[in-house]
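Visitor: Submitted below is the structure of interest, expressed as structure tokens.
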Amino acid sequence: MDVSNPELVEKIRQYAASVEKKERFEHSVRVAETAKLMCDMYGVDPAKGYLAGLAHDMCKDLPDEEQLALASKDQQPISDVEKKKPSLLHGRAAAMKLQHDFGIDDKDILQAVSRHTLGGSSLCPLAKIVYAADKIEPGREQSTEEYRAKLFSLSLNELALTVLEENMAYVQGRGKKVAAVSYRFRESLKRDIAYDAQIALSFAES
């Protein structure tokens with residue numbers, strides 16, 4: 001499947017525009033553009049970033065029962081947190097819709113869409129990019145040019161960790177519980193950062 005195929009991208013764009021609220025669709029376009037930019041910066045296929053960003057929220061405005069039914073197709077466990085708030089499943093639902101209705105079989109795109117809300121351990125670079133792009137696109141209140149420039153000076157793992165920890169603090173500040181998978185995402189990113197530092201040290205000493 002050629003994810004840069006203009007006809008495929010247009011089909012996904014039209015579907016997203018038809019089912020998302022206007023503000024959400026505009027957000028999705030900004031996430032797509034931000035993910036594409038970040039992919040260019042971090043050596044990932046920009047076409048994959050754009051498509052994943054465009055599609056990431058396309059099930060968020062569907063009824064809870066429909067999100068639950070779609071998400072269950074990935075045959076992964078549904079947590080108690082997700083059962084209590086089915087809207088947390090919208091990424092998993094969107095990944096299944098991409099796979100079954102649009103023929104997307106790229107594992108990185110499916111993971112990026114599926115995991116963009118809460119993160120996850122051992123995510124691919126594209127999934128880290130879409131997770132962050134969703135939360136730092138220019139429409140977000142805190143996301144000034146200066147804010148993004150500071151983030152973009154970091155490695156991808158450092159950027160993702162910074163955005164994740166900001167998001168966790170935001171959730172906790174609203175008196176809500178951070179999902180266990182987000183803690184696993186944090187530990188995974190810390191391991192990745194430590195590994196990157198070890199590799200850099202090895203090169204410096206050789």
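The values are calculated or read from the model by the stated rules, or taken from the named source; none is laboratory data. As the structure is a computational prediction, the values presented were derived from the model and not from experiment. FYI the Cβ positions are ideal-geometry reconstructions off the backbone, even for glycines, and counts take in every protein chain you see. Calculation scope for accessible area: heavy atoms of the full protein, side chains included, ligands and nucleic acids excluded. Shrake-Rupley method; radii C 1.70, N 1.55, O 1.52, S 1.80 Å.
Visitor: Can you give me the accessible area per residue for the chain, using a 1.4 Å probe, in Å²?
Guide: Values: 10810 Å² over 206 residues.
Ligands and nucleic acids excluded, the figure is 52 Å² per residue.
Visitor: Can you pick out the pairs among K60/K177; K73/K150; K60/K128; K73/K190; K60/K150 whose Cα atoms lie more than 28 Å from each other? Can you show the working numbers first?
Guide: Details: K60/K177 20 Å; K73/K150 39 Å; K60/K128 20 Å; K73/K190 31 Å; K60/K150 30 Å.
Violating the 28 Å Cα-Cα cut-off are K73/K150; K73/K190; K60/K150.
Visitor: Taking the Cα atoms only, what angle lies between the long axis of helix 156-173 and the longest principal axis of the chain, rounded to 10 degrees?
Guide: For helix 156-173, the angle is close to 60 degrees.
Visitor: Against the longest principal axis of the chain, how steep is helix 180-205, in degrees 0 to 90 to the nearest 10, with axes from Cα atoms?
Guide: 40
Visitor: Comparing I12, I78, I129, which has the greatest mean-square fluctuation in the GNM of the chain with Cα pairs linked when under 10 Å apart?
Guide: Between I12, I78, I129, it is I78 that shows the largest mean-square fluctuation.
Visitor: Something else now. Report Rg (one decimal) and Dmax (nearest whole number) for the chain, counting Cα atoms only, units Å.
Guide: Gyration radius and largest Cα-Cα distance of the chain: 16.7, 57 Å.
Visitor: Here is a further query. Say R0 is 25 Å: what FRET efficiency, to the nearest 0.05, do K107 and K11 get from their beta-carbon distance? Kindly include the intermediate steps, with their values, before the conclusion.
Guide: On the way: r = 21 Å, r/R0 = 0.82.
About 0.75, to the nearest 0.05.
Visitor: Springs between alpha-carbon pairs under 10 angstrom, Gaussian network model over the chain: which of H27, H100, H116 fluctuates most?
Guide: Highest fluctuation of the listed residues: H100.
Visitor: How many percent of the accessible area of the chain is carbon or sulfur, using a 1.4 Å probe?
Guide: Details: 5490 of 10810 Å².
Percent of accessible area from carbon and sulfur atoms in the chain: 51.
Visitor: In whole angstrom, note down how far apart the Cα centers of the range 163-203 and the range 21-43 are.
Guide: That distance is 22 Å.
Visitor: How big is the range 67-187 along each principal axis, measuring the range of its Cα positions in Å and listing the largest first?
Guide: Result for the range 67-187: principal-axis Cα extents of 40, 34, 27 Å.
Visitor: What would the Debye formula give as log10 I(q)/I(0) at q = 0.15, 0.16, 0.19 Å⁻¹ for the alpha-carbon point model of the range 1-103, no solvent?
Guide: Once normalised to I(0) and log-transformed, intensities are -0.62, -0.70, -0.94.
Visitor: Any idea what the relative contact order of the chain is, in percent, if you count C-alpha pairs under 8 Å spaced at least 6 apart? Please list the in-between numbers first.
Guide: On the way: 268 pairs, mean separation 37.6, N = 206.
Reported as a whole number, the value is 18 percent.
Visitor: For the range 164-206, what Kirkwood radius comes out of the mean inverse Cα-Cα distance, in Å? Show your work: numbers first, answer last.
Guide: Numbers: mean 1/r = 0.0831 Å⁻¹.
In the range 164-206 this quantity evaluates to 12.0 Å.
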